[in-house]
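The structure appears right after this line, and notes come after that.
Each value in this text was obtained by applying a stated rule to the coordinates, not by laboratory testing. Predicted model only: the values in this text are computed from it and were never measured. No Cβ is skipped: glycine too gets one built from the backbone with ideal geometry, and neighbour counts run over all protein chains shown.
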Ligand code: OFO
């Protein structure tokens, strides 16, 4: 059985993961509007993975005898100046989410909730990948700078991504 404090915190994180999906979908929409379909596809795949992250919280809360509550999700920004700006924002967002997951682990420990702590390990590992992949793209875009041909090719390359449900779960 889950305690109230943990239940509320896990519900907040379910909403935060949903927001992650929403901000990446907003980035996809911005890329698609500019005909950068590869970046758009990458972002749509990321959005789907984030919804999967949210669903894992949903199932865990219910499995532990809690009640999943779908709270309000903020509207994300609609526009980013350049692809580099969008991916920098994605990286910063992931660093923020890593902090949220770490706080949840601390909370689970303080409540002596081993099952929640164990469940959260999947997210601790996932965040390493989430930060690394956005950081790599930021670095590549910094190298590309304003070279349209290179940007065009990188757009095509990132468009090869398809959503990985659960990142190897
Ligand atoms: Fe859910 O990992 Fe990104 O935010």
**Request:** Output yes when any residue across region 28-38 is more than 11 Å from the ligand (Cβ to nearest atom), buried (at least 17 other Cβ atoms within 10 Å of the Cβ), within 30 Å of residue 109 (Cβ to Cβ) and over 14 Å from the mean Cα position of the chain (by Cα), and no when none is.
**Result:** no
**Subset of region 1-53 [in contact with a helix residue (DSSP H, G or I) (Cβ under 9 Å, 6 or more places away or on another chain), within 25 Å of residue 113 (Cα to Cα) and not in a helix (DSSP H, G or I)]** = 2
**Asked** Among the residues of region 94-117, is any over 26 Å from residue 3 (Cα atoms) and either within 16 Å of the ligand (Cβ to nearest atom) or surrounded by fewer than 20 Cβ atoms within 10 Å (Cβ to Cβ) (or both)?
**Response** yes
**Prompt:** Could you count how many residues in region 45-61 are buried (at least 21 other Cβ atoms within 10 Å of the Cβ) and away from the ligand (no atom under 11 Å from the Cβ)?
**Reply:** 1
